[in-house]
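Accompanying notes for the structure given below.
Nothing in this text is a laboratory measurement; each read-out follows from the coordinates by a stated rule. Here the structure is a predicted model, which is why all the values come from computation and not from measurement. As a convention, Cβ positions derive from the backbone with ideal geometry for all residues, glycine included, and neighbour counts pool all protein chains shown.
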Ligand SMILES: Cc1cc2nc3c(=O)[nH]c(=O)nc-3n(C[C@H](O)[C@H](O)[C@H](O)COP(=O)(O)OP(=O)(O)OC[C@H]3O[C@@H](n4cnc5c(N)ncnc54)[C@H](O)[C@@H]3O)c2cc1C
């Protein structure tokens, strides 16, 4: 039995470390290059008692109750339906776009026609991807879809992804479909929660196990070597290396750099208890910025907070060596980048003792529920290997 190393303390790394320690009874060394655990889900209280998610706002939305049950082992959760507004043409409009948005954008008379036609063309649908509305054979419906697409989706998406909208994976555009009713919830998932004391507590409890040791501020790449179909750590052959960081970085960019978007998040403090008309405002038409989050509005208990903080996101390309934008947030999945990614996967397959898991290692736009489910499935594979 050799060493087991897990690189990364986001959901992928933390879940796998915990499961290997708990269910296989094996010691796990967890390596994290940042000064904290939790990856991009890390949050902390600031000096005014406001719980801030340092890498942008995260909400737990899922249709699978086992995900909620799994997380409840590590922290207390409270129900929270995320509500957003979009700032369009000088007015705040409900996001997801819904029947109320049709009225706000077209006026009552025209809205009635379009809403009726939407109902006729998409019977029984709760939410419909915007591209299906754009492509609808009914001209009134497709005209409305095109208006929304051009006003909001094209501008927001190209700012967010830094790439022409036509090159972006369809899945990304389908993430916020049009609501075929007056539902104000951002997503219509069955279970919508936030952890009472923040996400970091989940990771702290997950990694708190006698067989797990966590090494912060350690870049695993300075310790990893590839030799004769094996991955070595500190020159030693390891039984298993689970890697959850960027796959292109692991192989020293030998097939090129995979594209990721990063964020420049700027904070503004106010003495007021409330600043924005909703917890998140999306800005499809503004220059540079995509959205602002007022964290106080999503806290379980904000009675002790002083003032409020608004965090505004400015997307930019990831550059490992840049001063701003040196954290990979979103894999930019296109046909081209997928081809490059496949070359890295083939390279990884040459080594028998490495497992790749997570948003960066698998270059996939995983939401946390998918990421959790996927890590649990990966564990089943790992368990077989470690028998
Ligand atoms: C801004 C933003 C908002 C999001 N909002 C939501 C949401 O509302 N709902 C939702 O379900 N999902 C959301 N997500 C997705 C969610 O964050 C991810 O699914 C999840 O965090 C992925 O976890 P992971 O462990 O795969 O990756 P990460 O959290 O990125 O973890 C990877 C870890 O590996 C470490 N690492 C990398 N390289 C090395 C190295 N060489 N040595 C040591 N350590 C290394 C990193 O520091 C990091 O801690 C959002 C993502 C972002 C970026």
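Observations, loosely collected:
- Equivalent-ellipsoid semi-axes for the chain (Cα gyration tensor, √(5λ), whole Å, largest first): 39, 24, 20.
- Taking Cα atoms only, the orientation of helix 335-348 departs from the longest principal axis of the chain by about 20 degrees.
- R0 of 45 Å, Cβ-Cβ distance residue 140-residue 367: FRET efficiency to nearest 0.05: 0.85
- Note on the range 41-139: semi-axes of the ellipsoid equivalent to its C-alpha gyration tensor, largest first and rounded to whole Å, are 36, 20, 11.
- Spread over its residues, the convex hull of the C-alpha atoms of the range 291-387 is 184 Å³ per residue.
- Theoretical gain in end-to-end length, residue 131 to residue 266 [0.36 nm per residue, Cα-Cα removed]: 45.4 nm
- Computed from the C-beta positions of residue 175 and residue 226, the FRET efficiency with R₀ = 51 Å rounds to 0.90.
- For the pair the range 316-387 and the range 84-115, the centres of their Cα atoms are 38 angstrom apart.
- Each of residue 316 and residue 190 was given a label point 7 Å from its Cα along the Cα-to-Cβ line. The distance between the two points is 4.3 nm.
- For the chain, the longest principal axis of the Cα atoms and the long axis of helix 368-386 meet at an angle of about 20 degrees.
- Multiplying the residue separation of residue 387 and residue 347 by 0.36 nm and removing their Cα-Cα distance gives an extension gain of 11.8 nm.
- Using alpha-carbon coordinates, inclination of helix 11-23 to the longest axis of the chain, degrees: 50
- Here r is the Cβ-Cβ distance between residue 274 and residue 81 and R0 is 25 Å; the resulting FRET efficiency, rounded to 0.05, is 0.85.
- For q = 0.17, 0.21 Å⁻¹, Debye-computed log10 I/I(0) when each Cα of the range 84-184 counts as one equal scatterer: -0.74, -1.14
- On a per residue basis, the convex hull of the C-alpha atoms belonging to the range 115-168 measures out at 81 Å³.
- Inter-label distance for residue 215 and residue 158, nm, one decimal - labels placed 7 Å from Cα along Cα-to-Cβ: 4.7
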